[in-house]
Amino acid sequence: MDTQYEDTRDPRRWKALALLCTAFFMVILDSAIVVVALPSIDADLAFSAGDLQWVLSAYLLSFGGLLLLGGRAADLLGRRRMFVAGTALFALASLGAGLAGTTAMLLGARAVQGVAAAIMTPTALSILMTTFPEGAERNKALGIWGSTGAVGGTAAWLIGGPVTDGLGWEWIFFINVPVAAAVATLAPALLRESRAIAGERRFDAAGAVTITAALVALVYAVVEAPTAGWGSAQTLGLLGLAVVLTGIFAAIESRSAAPLAPLGVFRSRSLVGGNVVLFTLGTMAFGVPFILTQYAQEVLGWSPIHFGLASVVMPVSAVAGTATAQAIATRGGVRRVAVFAMALTGLGSLVLTQVSVGGTYVGDLLFALLLLGPGVGAAYVAGSIASLTGVAETDAGLASGLNNASFQIGGAVGVAILSTVAVSGGAGSLPALVDGYRSAFAVAIVVAVLGALAAGLLLGSRRGSAPAVVTEPAAA
């Protein structure tokens, strides 16, 4: 290896990676940890029927909808500066969520948490990409990053159960405050400042508003469909509005001098394929646990800590999945890993379609968790590497925003769709509840199949085959 190249690398890069992964773990943990606490939150704050899922969706929508703007702001205003600002805001919003005494206060705090996460996450990932040069070392760093996300999402069940049972649901938010404060304090010492070279600092606020509004309209339409009716004027009107707003967003991006997401970036099959994999994975990774925790607590009568401890096999197996995926993907098997990983999540969902009123851990859940864990972990690593291939330093924030937006928006859509299907199955008796849950898990199988097909058709057979056209439009 070239000695001069060695000397140009930041000697603090691995410590910086540890700090960035800590922040990412906290953000992903917070997006999933509320799943276990939802029944307890509902008992205290008394949400209206069907509104409980907004505790999760309010975070995911503001997170996913503003990620591209967060990534763009990081590129132009300074990545370290924006990372510290986002982390501080996340700490304050977490404190507000823990202190919330009404449903409106909690949902508001969750939305602000999502805004903060939309600043932190693409900024952290773009710092990673500007710290590690493209190649084996960046792949290793991305593998660790992907593992952090996968483990954070699955470990949330294990952490959330004991915290909710022992200290109360408020503490799933309070624990973020000291962690975020420590990360913000250490950032200036471990992270170097960087930004894209640009003549003018322009922000596509119109694009951010239209795409976020489109997502809210889509999710709200799906959530309210069981009550309003799928063929009602409200549902069809909201779905139509989402389509129109998406079209307006595309028109804005094609004309903007500083577009939020230059349409030319989608010429890269690797980028498109990686983001489709992450979108479908988000649907699975958030939607399936949302239904699963309700089955365990509402049907089987488990406490949050019981469910958390019983699900420990999932984060453990996710670690194995991410490690294996990193090794295979680095050697050239991104498509292979993604297809196989999405297939595992589909098989896990297939097992869950057999849950019953008198279900047991070994008979109904264990095998499904052992399939879902490595599937989620491996798919996240493969999707992340594919979607960030060929990205230059100047476009790191854009690519990072797209990457994370796909996963978080997929999560919001997944929770809305699967919870809607579950509610449509009926209520009032345990058999009716279980029928609804089975139907939701069946929909998850379809999503997994779509993700596997997208990976097989869009991703290159080898890591090095992905085209590096991502950077051209953004640089224009």
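Quick notes
- Magnitude of the charge dipole for the chain, about its Cα centre and with charges confined to Cβ atoms of Lys, Arg (+1) and Asp, Glu (-1), is about 1120 debye.
- If you plug the beta carbon distance of Arg192 and Leu309 into 1/(1 + (r/R0)^6) with R0 = 35 Å, you get a FRET efficiency near 0.25.
- Each of the peptides 375-386, 64-75 was scored by the mean count of other Cβ atoms within 10 Å over its residues; in descending order, highest first, they stand as 375-386, 64-75.
- Compared with the direct C-alpha span, the chain from Lys140 to Thr102 gains 9.3 nm at full extension, assuming 0.36 nm per residue.
- Spacing of the two label points (7 Å from each Cα toward its C-beta) at Leu457 and Val357, in nm: 4.2 nm
- Unit charges at the beta carbon, dipole of segment 1-130: most positive-side option, Gln113, Thr102, Leu52: Gln113
- Gain in span if fully extended, Ala432 to Val243, counting 0.36 nm per residue against the direct Cα distance: 64.7 nm
- Restricted to Cα atoms, segment 204-257 shows a radius of gyration and a Dmax of 12.6, 43 angstrom.
- Peptide ranges 408-419, 240-251, 172-183 listed from the most packed, as the mean C-beta count within 10 angstrom indicates: 408-419, 172-183, 240-251
- Nitroxide proxy distance, nm - points 7 Å out along Cα→Cβ at Glu298 and Phe174: 2.8 nm
- From helices alone, the chain scores -26500 deg cm²/dmol at 222 nm; the rule is -39500 (n - 2.57) for each run of n ≥ 4 DSSP H residues, then divide by the residue total.
- Among the listed values (i) 4, 17, 26, 24, 16, 9, 4, 1, 0; (ii) 5, 21, 26, 20, 14, 9, 4, 1; (iii) 5, 22, 33, 27, 11, 2, 0, the one computed from these coordinates for P(r) over Cα pairs in 10 Å bins from 0, in percent is (iii).
- Label-point gap, in nm, between Ala250 and Ala43 - each point 7 angstrom along Cα→Cβ: 4.8 nm
- Each of the peptides 227-235, 29-37 was scored by the mean count of other Cβ atoms within 10 Å over its residues; in descending order, highest first, they stand as 29-37, 227-235.
Read the figures in this text as sums done on the coordinates, not as results from a lab. This one's a predicted model, so the numbers in the text were calculated from it and none came from an experiment. We place every Cβ from the backbone using ideal geometry, glycine too, and count neighbours over all the protein chains shown.
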